[in-house]
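These notes concern the structure reproduced below.
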Amino acid sequence: MQIAMIGTGYVGLVSGVCLSDFGHDVICVDRDPRKIEALQAGKVPIYEPGLEQLMARNVEAGRLSFTTELSEAVAGAEAVFIAVGTPTRRGDGHADLSYVMAAAEDVAKALNGFTVVVTKSTVPVGTNRKVKQTIAKTNPDADFEVASNPEFLREGAAIDDFMKPDRVVVGVQSQRAAEVMQDIYRPLYLRDFPIVTTDLESAEMIKYAANAFLATKITFINEIAALCERVGADVKEVAKGMGLDGRIGKLFLHAGPGYGGSCFPKDTSALARIGQDHAVPQNIVETVMRVNDGVKTRMVEKLRDLCDGTFNGKTVAVLGVTFKPNTDDMRDAPSLTIVPALVGGGAKVRVVDPQGKREGEALLPGVNWHDDPYKAANKADLLVILTEWNEFRALDLPKLAKRMATPRMADLRNIYSARDARKAGFEAYESVGRKSMDNNH
Ligand code: NAD
């Protein structure tokens, strides 16, 4: 099948590459000429494990190409996916649909023959109908149907998530569109991956409800973690004991510095606004957003305590600034709250991140970038683990402790333990929701 993918970001590029690997002919479009130039030269402009190799294989097979010319890609396509960004609209917390609607207009002008226009971007309920109206208004002769196909991939594991999804959600209004969607996902369908075919509104809602639920689960355990610290319980043990209950499940019960990233913050915000607009306030989601902001503030206070009450004049080494490991994505990362608080408080901040520098340099002014955690820790007063990259999971703790001016650690991902830290020569160790070291510092 001939497919056009509009937008080659984290979702569009992975989806385009994977669909070409299914055997479809895919043309990926982006309005950013630098991205397209890089892609045409075989370079992936984002960090996503395995993507460059998969892309090369499909380009070589002649199934995958890249262009800035939307009309070229759309004219011959049987399905056009819209996978552009839907960031939070400045000022009111709604999803900004301007990119989706602009893409819909451009697509409308180029449609040629029966086409299914599929919205893959995360969009509020009712958007697919608006896309349909926009296309019909822009090109009254167009022969088309719309479909909603929200994406659930996780950055860092995106290819596996696309190729082996827990489910594919498809919202349609007609059998004709359902059949095209079934053809697109036939390789998954044949391997018994569940395909949920439903109406447009339910498909749109599933995506927001799923993300809000996951954000709630994380925030729940983060709040329990704060209580664990106060009462002397260990949140890792609590999460394990809870998660073994099949009704709860063990995923997304890792206490940490608060959720961030390209989806949860903006999707919870959009869902809260959708609820307000329909006079059905989403109280749980609104509370989750507020509590999550508080978690980040609580982390800053934890670090301040470890610096004897002030960041001023302290040297702090921060390991990891991307919102999670295996991505270069910095959108709404907890580091964007925590690091500026350190810099603003007068600390000298050294940052190490395997992929974060390209994006992070502009977002985290006033820090020094290092490649090596041990050098970054040299004569430092505090070591902070903020993102659990594999590189930071097996650090030589005695070597680190020896280099530091005051060997103190804030392990905000609960990778190590107070026992490990004490044995290695740290004088203070704080994590999230677990006992700190008994020693005073
Ligand atoms: P992104 O910002 O990485 O990429 C969007 C791309 O679209 C950019 O390259 C931009 O240049 C391009 N673009 C914008 N308007 C265009 C137009 N008119 N024509 C051509 N290209 C255009 O965004 P993303 O992270 O890939 O997210 C895309 C959508 O997928 C969002 O709605 C997001 O909520 C959703 N989503 C994201 C993830 C994730 O992990 N990033 C997961 C699931 C769903």
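VAL169 passes every criterion in (1) without any contact (Cβ under 8 Å) to a residue 12 or more places away in the chain; (2) within 12 Å of the ligand (Cβ to nearest atom) apart from (1). Pairing residues of segment 106-134 that are farther than 12 Å from LEU200 by Cβ and free of Cβ contacts under 8 Å to residues at least 60 places away in the same chain with residues that are among the charged types (D, E, K, R) and part of a helix (DSSP H, G or I), at Cβ distances under 7 Å and at least 6 apart in sequence or on separate chains, gives THR134/GLU105. Would you point out the residue of segment 299-331, among those that are polar (S, T, N, Q) and within 21 Å of ARG393 (Cβ to Cβ), that is nearest to the ligand (Cβ to nearest atom)? Of everything passing the filter in segment 299-331, THR327 is nearest to the ligand (Cβ to nearest atom). Residues of segment 151-180 that are more than 14 Å from the chain's Cα centre (by Cα) and of a type in the set (D, E, K, R): ASP160, LYS164, ASP166, ARG167, ARG176, GLU179. Against the condition away from the ligand (no atom under 12 Å from the Cβ), within 26 Å of ILE274 (Cβ to Cβ) and buried (at least 22 other Cβ atoms within 10 Å of the Cβ), how does VAL80 come out, does it pass? No, not satisfied. Residue-level check: of (1) over 27 Å from GLU48 (Cβ atoms); (2) touching a Leu at 6+ places or on another chain (Cβ under 8 Å), PHE114 misses just (2).
Within segment 281-293, residues that are more than 14 Å from TYR208 (Cβ to Cβ) reach partners that are at pLDDT 95 or above with beta carbons closer than 6 Å, at six or more positions or on different chains, in the pairs PRO281/GLY275; VAL291/THR219; VAL291/GLU223; ASN292/THR219; ASN292/GLY258; ASN292/TYR259.
Counting the residues of segment 109-129 that are within 13 Å of the ligand (Cβ to nearest atom), hydrophobic (A, V, I, L, M, F, W, C) and more than 30 Å from SER269 (Cα to Cα) gives 1.
Just so you know, in segment 83-118 the residues that are of a type in the set (D, E, K, R) and at pLDDT below 95 include one that is surrounded by the most Cβ atoms within 10 Å (Cβ to Cβ), and it is ARG89. Checked against (1) more than 29 Å from VAL125 (Cβ to Cβ); (2) crowded, with 17+ Cβ neighbours inside 10 Å; (3) within 10 Å of the ligand (Cβ to nearest atom), VAL59 passes all but condition (3). Kindly establish whether SER269 is at pLDDT below 95, surrounded by 15 or more Cβ atoms within 10 Å (Cβ to Cβ) and on the phi < 0 side of the Ramachandran plot. So SER269 fails the test.
Selection over segment 47-60 of residues that are out of contact with any Ser or Thr (no Cβ under 8 Å at 6 or more places or on another chain) and in a loop (DSSP other than H, G, I, E, B) gives a count of 2. Just so you know, in segment 229-252 the residues that are within 24 Å of the chain's Cα centre (by Cα) and surrounded by fewer than 21 Cβ atoms within 10 Å (Cβ to Cβ) include one that is farthest from the ligand (Cβ to nearest atom), and it is LYS236. Criterion applied to GLU37, GLU72, GLU48 was being over 30 Å from ARG129 (Cα atoms), within 15 Å of the ligand (Cβ to nearest atom) and in contact (Cβ under 8 Å) with a residue 40 or more places away in the chain, and the one residue passing it is GLU48. Quick one: would you say ALA270 is within 26 Å of GLU204 (Cα to Cα), within 15 Å of the ligand (Cβ to nearest atom) and in the same structural domain as VAL384 (by TED's automatic domain parsing)? Here the answer is yes, as ALA270 does meet what is asked. Looking at GLU48 and the list (1) surrounded by 23 or more Cβ atoms within 10 Å (Cβ to Cβ); (2) closer than 22 Å to ALA79 by Cα, which single condition is not satisfied? If we test GLU48 against (1) surrounded by 23 or more Cβ atoms within 10 Å (Cβ to Cβ); (2) closer than 22 Å to ALA79 by Cα, just (2) comes out false. Mind checking whether some residue in segment 130-150 is near the ligand (Cβ under 10 Å from one of its atoms) and either in contact with a helix residue (DSSP H, G or I) (Cβ under 8 Å, 6 or more places away or on another chain) or under 26 Å from THR197 (Cα atoms) (or both)? Yes, segment 130-150 contains a residue that is near the ligand (Cβ under 10 Å from one of its atoms) and either in contact with a helix residue (DSSP H, G or I) (Cβ under 8 Å, 6 or more places away or on another chain) or under 26 Å from THR197 (Cα atoms) (or both). Annotation: ASP199 fulfils all but one of (1) in contact with a helix residue (DSSP H, G or I) (Cβ under 9 Å, 6 or more places away or on another chain); (2) touching a residue at least 12 places away in the same chain (Cβ under 8 Å); (3) not hydrophobic (A, V, I, L, M, F, W, C); the unmet one is (1). None of ILE206, ILE218, ILE248, ILE224 is assigned to a helix (DSSP H, G or I), over 26 Å from ILE385 (Cα atoms) and modelled with pLDDT of 95 or more except ILE206. Each residue in segment 179-203 was checked for being in a helix (DSSP H, G or I) and surrounded by fewer than 18 Cβ atoms within 10 Å (Cβ to Cβ), and 9 of them qualify.
The values are calculated or read from the model by the stated rules, or taken from the named source; none is laboratory data. This is a predicted model, so every value here is computed, not measured. Neighbour counts are summed over all protein chains in view; Cβ atoms, including those assigned to glycine, are modelled from backbone coordinates with ideal geometry.
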